[in-house]
Amino acid sequence: AALLAEYQGEHSRHLGSGFYESATLAGLALHGREATRDIVTLLRAMRRLRQRVDEMADLFEDLWGGLVTYPHLLLLNSKERNLAKALVTRAWGHIGTNKCLEQHMRELGVREACANDPILVGISKELLQLLIAEGVLQQIVDEAVALYFECSVGIAEVASKIGDDFFVLIDLKRAFLDRIVAAGWLSYPEGAVLTELRIAALNTQTVRAPD
């Protein structure tokens with residue numbers, strides 16, 4: 001519960017992805033321009049959007065690597081917390097006692113190594129069903145979409161100061177989120193390359209503003 005509260009607080013790990021903000025603030029500084037409050041507020045929202053979507057993409061890669069991210073924290077605070085905890089404990093125990101798997105994780109990366117481990121694949125499927133049944137994944141999608149709309153409004157409001165190129169970034173994230181959902185959550189969306197996502201992002205622009 002404490003970790004979940006921290007995630008949802010002012011110093012959330014969802015602010016851990018600082019590329020958008022640091023790059024923009026550096027650019028403004030180099031040109032002697034002020035980072036006004038509305039710009040900083042927008043950049044913080046963009047950081048949250050990026051991290052929220054990235055955690056969906058790395059749903060089990062993060063967990064098997066030892067990192068309990070927002071989706072799993074929500075599940076571990078749901079009514080199915082005991083079953084979820086048992087599944088995560090079982091998976092970590094399996095990883096910790098399987099030297100061959102640990103070696104493969106170092107050599108191949110967590111995603112590829114664990115995708116070929118039948119025990120972890122089975123546990124992933126069980127956890128996925130819990131995440132769906134408890135409404136966790138839909139909650140995160142809804143939150144990410146709300147952040148997308150918040151960013152859209154923010155970009156429009158600061159466009160006179162820094163332009164509207166940021167629409168490309170948030171449209172890519174929204175398109176990637178849609179691809180994750182369409183892929184069935186469990187695996188990284190096949191063909192999720194920049195060109196395809198950019199095309200999807202262009203289509204996303206038609207639904208940028210909520211009704």
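The values are calculated or read from the model by the stated rules, or taken from the named source; none is laboratory data. Because the structure is a prediction, the values reported are computed rather than measured. When we count neighbours, we look across all protein chains shown, and the Cβ atoms used for this are built from the backbone with ideal geometry, even at glycine. What goes into the accessible areas is simple: the full protein's heavy atoms, side chains included, and nothing from ligands, DNA or RNA. Shrake-Rupley method; radii C 1.70, N 1.55, O 1.52, S 1.80 Å.
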Which listed residue is among the acidic types (Asp, Glu) and within 23 Å of Asp54 (Cα to Cα), from Glu107, Glu102: Glu107
Unique residue being at pLDDT 90 or above and either hydrophobic (A, V, I, L, M, F, W, C) or open to solvent by 30 Å² or more (accessible area, probe 1.4 Å) (or both) when the list is Cys114, Cys151: Cys151
Got a sec? Which of Leu137, Leu128 is surrounded by 20 or more Cβ atoms within 10 Å (Cβ to Cβ) and under 30 Å from Asn82 (Cα atoms)? Leu137
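Yes/no per residue for (1) open to solvent by 10 Å² or more (accessible area, probe 1.4 Å); (2) among the aliphatic types (A, V, I, L, M):
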position: Phe19; (1), (2): yes, no
position: Ala23; (1), (2): yes, yes
position: Ala29; (1), (2): yes, yes
position: Arg33; (1), (2): yes, no
position: Arg37; (1), (2): yes, no
position: Arg44; (1), (2): yes, no
position: Arg50; (1), (2): yes, no
position: Leu59; (1), (2): no, yes
Pairs returned, first residue in region 21-36 that is farther than 17 Å from Arg50 by Cα, second residue that is loosely packed, with under 12 Cβ neighbours inside 10 Å, beta-carbon separation under 8 angstrom, 6 or more apart or interchain, are Leu28/Glu34; Ala35/Ala29
Being of a type in the set (Gly, Ala, Ser) and either open to solvent by 50 Å² or more (accessible area, probe 1.4 Å) or assigned to a loop (DSSP other than H, G, I, E, B) (or both) is the filter; apply it to region 154-172 and report the residue that is farthest from Arg44 (Cα to Cα). Ser160
Can you name every residue in region 92-111 that is exposed (fewer than 13 other Cβ atoms within 10 Å of the Cβ) and modelled with pLDDT under 90? Gly96, Thr97, Lys99, Cys100, Gln103, Arg106, Glu107
Quick one: Thr89 ticks every box in (1) modelled with pLDDT of 90 or more; (2) surrounded by 12 or more Cβ atoms within 10 Å (Cβ to Cβ) except a single one, so which number is it? (2)
For Phe176, state whether it is surrounded by 15 or more Cβ atoms within 10 Å (Cβ to Cβ), aromatic (Phe, Trp, Tyr), more than 20 Å from Ala23 (Cα to Cα) and modelled with pLDDT of 85 or more. yes
